[in-house]
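Worksheet: one structure, shown below.
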Amino acid sequence: MLEKYHSQSCPAPRPSRSRWKSAPAAARRGGQRRLALPLPRSCELEERDAAEMQRGEERGWLGTPSASAAFFLLSCCAWALILHVAAENGKDWIELLSEMPGKHEHSGQISKELREIVFVIQSQKNSYHLKKADGLKRSILKQAASLGKEMPTVLLTHQMDRHEGTWTILPLMHEFSVSYSKNSSWIFFCEEDTRIQIVKLLKTLSRYDKAKEFFLGKALHDDESTIIHHYAFAENPTVFKFPDFAAGWALSIPLVKKLARRLKNEPLKSDFTIDLKHEIALYIWEKGNGPQLTPVPEFCTEDFNSPNGVTCATTFTNFFPQCGDPVKKTDIFIAVKTCRKFHGDRIPIVKQTWEGEATFIEYYSDYAESSIPTVDIGVPNTERGHCGKTFAILERFLNHSPAKMPWLVIVDDDTLISISRLQKLLSCYDSSEPVILGERYGYGLGSGGYSYITGGGGMVFNREAIQKLFASKCRCYSNDAPDDMVIGMCFSGLGIPVTHSPLFHQARPMDYPKDFLSHQVPISFHKHWNVDPVKIYFTWLAPKVQDLEYGSKHVREDL
């Protein structure tokens, strides 16, 4: 009932701490003191008005439209009161309702439905990300406790299996099928920054037949064919829909069982995992033999406090991560990989755009040119791979940079990056814990394999990680081996996972769906191909006033 009224245009309460200060404690003690809440003026009904309505009920006129409108207003005000009390007590509205007499006539049914959902948080082992995932898990369980005695199952992917490929989801289908198919109806996936309103989620899922094969999510699509999707659906890329993981997505158990059977009989064919959300949708679709994504409007990436968030079962934290003072620029060393043939066209772009954000920056090449200047790293240029050059840069940082400098960033000469945003992001990571950060790809994860940080979007290392790498003796098998993949393989062998951030991008902005980028504050893009890289930088990455404000939301007029 409350959700129904809330969806209408109820007036919002205006908080006033001075009038409300002592009321919550009295309410919790069951005191008789009236709560002096500063509700909207339309909610300030005099006692005589209420008494008149009571007499009207006795006379039988409450069925009239005007009476219905009056009762609707009272319901709106009740909703406003609940939200206001919740805000003042630091609680959500579900928790507050749980403390009210005669709570939840249908709590038993809600509890039953809740048991049928398995929540899967796409988590990471790094301590910063683990803390966020644990916070989301606590939020889910807290809401569930307010609704009934039965707790739902909440899983963190990085804890589910020793197999490194759990983040690619599909290898987990067998476990989901065996462990949860008897008593569950849905597997609901979400990211660590997804926010879930359980009652609304239950209501949303109830619209779909759990006995059928359903693939639910917020739909994304490509506006043009893109390299990161292997130019799929090149004639009309908008026709294929895939889920925005940030909004959450769901698989019905019949579909999970089907996928588990298929994976058992037909192992995954692709060696590379590049854009997981697109690749999962392709696998489920099975060239037309499986279900397509069903768009769910209640799965949202708006912020919880946005006007559109009222109707959403899920929302997303749209604020740029910052965990204290930004890391000092003097604590970040930037290494740019280049070669002689690109000195004339790519390096000037770096100098025109983001070089001025960096305090310590060097250009590593196969040729020393004093006008830039570049450093001849002593490794011949190769047409691909560049593993020898990258390891030489890592070793130079370890042995020749100031011993207390904690961070190294390696980028290509056609990478565009925001150093100021990177400073904020790195404030969330413990420099004493090995960190390898960037956009995560995977190789051979269906049958072992390893994850790696793709080089074009930028690879971020802390000193602790580099020290462990060189202590291991893991090195390039050739100078032209793929540097990012070899590094990923080495750290996988050490049991040190790479850490994914979707704010780093291996490709250009137009290679990603607009809706996907609209809830991001990007740190990097890559490639100058068929674009104006200077315009890309100043449109997407250049420091702006709102970037300097703590927690500011990234708003783009052109999206």
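The values are calculated or read from the model by the stated rules, or taken from the named source; none is laboratory data. The model shown is predicted, which means the values in this text are computed figures rather than measured ones. So basically every Cβ, Gly included, is an ideal-geometry build from the backbone, and we count neighbours across all protein chains shown. In case anyone asks, the SASA skips ligands and DNA or RNA and just uses the protein heavy atoms, side chains included. Shrake-Rupley method; radii C 1.70, N 1.55, O 1.52, S 1.80 Å.
Below is a table of values for the structure above.
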read-out: Two-site FRET efficiency, K112 against S370, from Cβ-Cβ distance with R₀ of 51 Å, rounded to 0.05; value: 0.10
read-out: Net dipole in debye of the stretch 242-360 [+1 Lys, Arg Cβ; -1 Asp, Glu Cβ; about Cα centre; nearest 20]; value: 680 debye
read-out: Debye intensity ratio I(q)/I(0), log10, the stretch 329-548, q values 0.16, 0.18 Å⁻¹ (C-alpha model); value: -1.14, -1.48
read-out: Within the accessible area of the stretch 111-316 (1.4 Å probe), percent carbon and sulfur; value: 51 percent
read-out: Ranked packing of 482-491, 305-314, 122-131, most packed first, by mean Cβ within 10 Å; value: 482-491, 122-131, 305-314
read-out: Percentage relative contact order, the stretch 329-548, counting C-alpha pairs under 8 Å, at least six apart; value: 23 percent
read-out: Gyration tensor (Cα) of the stretch 323-387, equivalent ellipsoid semi-axes in angstrom; value: 25, 14, 11
read-out: Rh (Kirkwood; distinct C-alpha pairs) - the stretch 111-316, Å; value: 17.5 Å
read-out: Centroid-to-centroid separation of the stretch 275-295 and the stretch 225-264 [C-alpha atoms, Å]; value: 3 Å
read-out: Value of relative contact order over the stretch 111-316, rounded to a whole percent, pairs C-alpha under 8 Å and six or more apart; value: 23 percent
read-out: Alpha-carbon radius of gyration plus Dmax, which is the widest Cα pair, for the stretch 223-272 in Å; value: 14.3, 34
read-out: Space enclosed by the convex hull of the alpha-carbon atoms of the stretch 368-495, per residue, Å³; value: 135 Å³
read-out: Cα principal axis extents for the stretch 214-364, largest first, Å; value: 55, 42, 31
read-out: Under the Debye formula (equal points on every Cα, no solvent term), log10 I(q)/I(0) of the stretch 137-207 at q = 0.16 Å⁻¹; value: -0.68
read-out: Cα-based Rg and Dmax for the stretch 350-435, where Dmax is the largest Cα-Cα distance (Å); value: 14.0, 38
read-out: Å² per residue, accessible surface of the stretch 111-316 at 1.4 Å; value: 45 Å²
read-out: Net charge dipole size for the stretch 392-505 [Lys, Arg +1 and Asp, Glu -1 on Cβ; Debye, nearest 20]; value: 360 debye
read-out: Sulfur and carbon atoms: percent of accessible area, the stretch 329-548 [1.4 Å]; value: 51 percent
read-out: Alpha-carbon centroid distance for the pair the stretch 342-418 / the stretch 478-547, whole angstrom; value: 17 Å
read-out: Scaled radius of gyration (Cα, divided by 2.2 N^0.38 Å) that the stretch 463-519 gives; value: 1.51
